[in-house]
Each structure stands twice: as structure tokens, then as C-alpha cells.
Amino acid sequence: MIISSVRLRNYPEDKQEEFPWTLPLIKDFEEMVFEKSVSFFVGENGSGKSTILEAIAAYSEVPLAGSHRLEDDESLAAANQLADFLRIRFEEKTHRGFFVRAEDFIGFARNIKNEIKELEAEIEDVKASFTGGDINLTIGAIEGEKNSLIKRYTKDLEAMSHGEGFLKFFTSRITGKGLYLIDEPEAALSPTRQLSLLSLIKEKVEKTGSHFIIATHSPIIMSMPDSEIFYFADHKVTKVGYTETQHYQLTKAILDDPGSIHKLL
């Protein structure tokens, strides 16, 4: 594992009327101890799981896999504030890895596409202004950089379906041992693609020893063997088994008796 524990150093009384300090979870936050290489944050909307995940990302200084640096993204301002009051114990300090939300992928794909276009334009400029010698030597480095991007990400990630592009992103960016923080990947993935993501994560954990912390609502994703679930509910965080989650229980009840959904509406 990369992270062994997360705790809140203290609580700023002068900020108690501001988000994220208004979250009841933050006021009573207890230390979280990580024991598995794959950890899931599970809970209802507004329970604080994404806020804690974002603060871990800010504290860890892993890059944001999107169009902004993490510290410059206005949507993560609260997470950056909270990170100043966290204390994280690392088994191994690393800056390898990333933090990603489903919406960040769009910005990332656009950046890759624009970078390839800029390299192509640079090649054309060199060709237009070249006066003598071996042009292949002159443009070789630029061509190599462009081809490397295309090989790693394809020429146009945006042209792929959201799910296909999202999986291609994970395959390309999860390389060596690192800390990978992912917020609700199911937003871009079909059930089959969710299983593909789990297969990829399993492979990377076994081969590199990476640590994945994933906030999710998906019963498929949180079913991964040899993982742990941190359940955010009733203003606290507790470790629970898979079948203890409301997500599993509700999904199972509907699958066992589809007609029972009428009783829930």
C-alpha cells in the first residue's frame, strides 16, 4: 500500500460556517486505517466521501488527470483547504499516480488531441521553412513525440465512446507503482466495462503494488475481491463487508424481485 492512514490534525473553529467544515463528518472525523491495496469509499450523495478523496489527492500532490492542475481547479478549492488539516501516513511516498473524476476525462482527451494538432502544425511549419539538409533529422524528434502520443492514447480519444476512451485512459496512465484516486468511474462505464476496469486494477495491483482508492456507488465495482469498503453514513466512516452496504442490499432486492421496486417508489 502507499497510504496506511488518514486523520484530521485539528478542526478550525473559525471556519465552522464554511464548506467543507459544515460537513458533520468532518467535525467528528476519526482516523481511517488502510489495510488493502484497493479501497472503496461508499455512501450516499453528500456523505463526504468525494470531499475526503479530493483532500487526499490534494495532500498527496498527485496530478489531476484533467485540464487543470489540482491546486488551480476552482471546484477543488474546499479540498485544498481540508488538505491543510489532514495528516496522512505513507508507507511509501510517491508522486506517481493521479486523481481523476469522470468529468476530468473530457478535458484530458481534449488536451491530448490539441497537443497532437500542435505537433502536426509544427511539422508543417518546419517543412514550409526548410531550406536545405536532411529534413528527416530536423522533424524526426517532433514526429517521434507525436507518434508516441498517438500510440499511447490513439489520435482522437474524443472520437471514441466515453466508456472506451475512459478505459483507454486508464490502460495508458496506470503504469508503475503509484497512488490512483478515482471518483465514481461508473459514470462513464457500462457494467461490462466496469468489470474490465476491475480486471485492469487487479493486474496493476499484482504487478506493481499500486494503491487504488475509489469512491463509487456501483455494486459491481465495490464487489472486487481482496478489497476493503469504507462506508460513509451517520456522520462517520466505518469499515463494512460488501453485503452490508445498502447498495448491495437494494440491488439484490430488486434483482431477486423486480416487481418489488413498486414498493420503493
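Per-structure values
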read-out: Test: residue in segment 173-185 that is in a helix (DSSP H, G or I) and at pLDDT below 80; value: yes
read-out: Selection status of Leu197, surrounded by 16 or more Cβ atoms within 10 Å (Cβ to Cβ) and free of Cβ contacts under 8 Å to residues at least 40 places away in the same chain; value: yes
read-out: Some residue of segment 241-253 being basic (Lys, Arg), part of a helix (DSSP H, G or I), in the same structural domain as Leu23 (by TED's automatic domain parsing) and under 17 Å from the mean Cα position of the chain (by Cα); value: no
read-out: Which listed residue, of Ile174, Ile254, is out of contact with any Pro (no Cβ under 9 Å at 6 or more places or on another chain) and over 20 Å from Ser39 (Cβ atoms); value: Ile254
read-out: Asp28, sole failed condition from (1) surrounded by fewer than 22 Cβ atoms within 10 Å (Cβ to Cβ); (2) over 22 Å from Arg173 (Cβ atoms); (3) at pLDDT 85 or above; value: (3)
read-out: Single unsatisfied condition, Ala77 versus (1) surrounded by 16 or more Cβ atoms within 10 Å (Cβ to Cβ); (2) at pLDDT below 90; (3) of a type in the set (A, V, I, L, M, F, W, C); value: (1)
read-out: Residues of segment 203-213 satisfying the condition of being surrounded by fewer than 21 Cβ atoms within 10 Å (Cβ to Cβ) and either free of Cβ contacts under 8 Å to residues at least 24 places away in the same chain or part of a loop (DSSP other than H, G, I, E, B) (or both); value: Glu203, Glu206, Lys207, Gly209
read-out: Close pairs from segment 214-230: first buried (at least 21 other Cβ atoms within 10 Å of the Cβ), partner assigned to a loop (DSSP other than H, G, I, E, B), Cβ under 7 Å, at least 6 apart; value: Ala215/Glu184; Thr216/Glu184; Met222/Thr216; Met222/Thr245; Ile229/Thr245
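The values are calculated or read from the model by the stated rules, or taken from the named source; none is laboratory data. All values reported here derive from a predicted model rather than from experimental measurement. Positions of Cβ are backbone-derived with ideal geometry, glycine not excepted, and every protein chain shown enters the neighbour counts.
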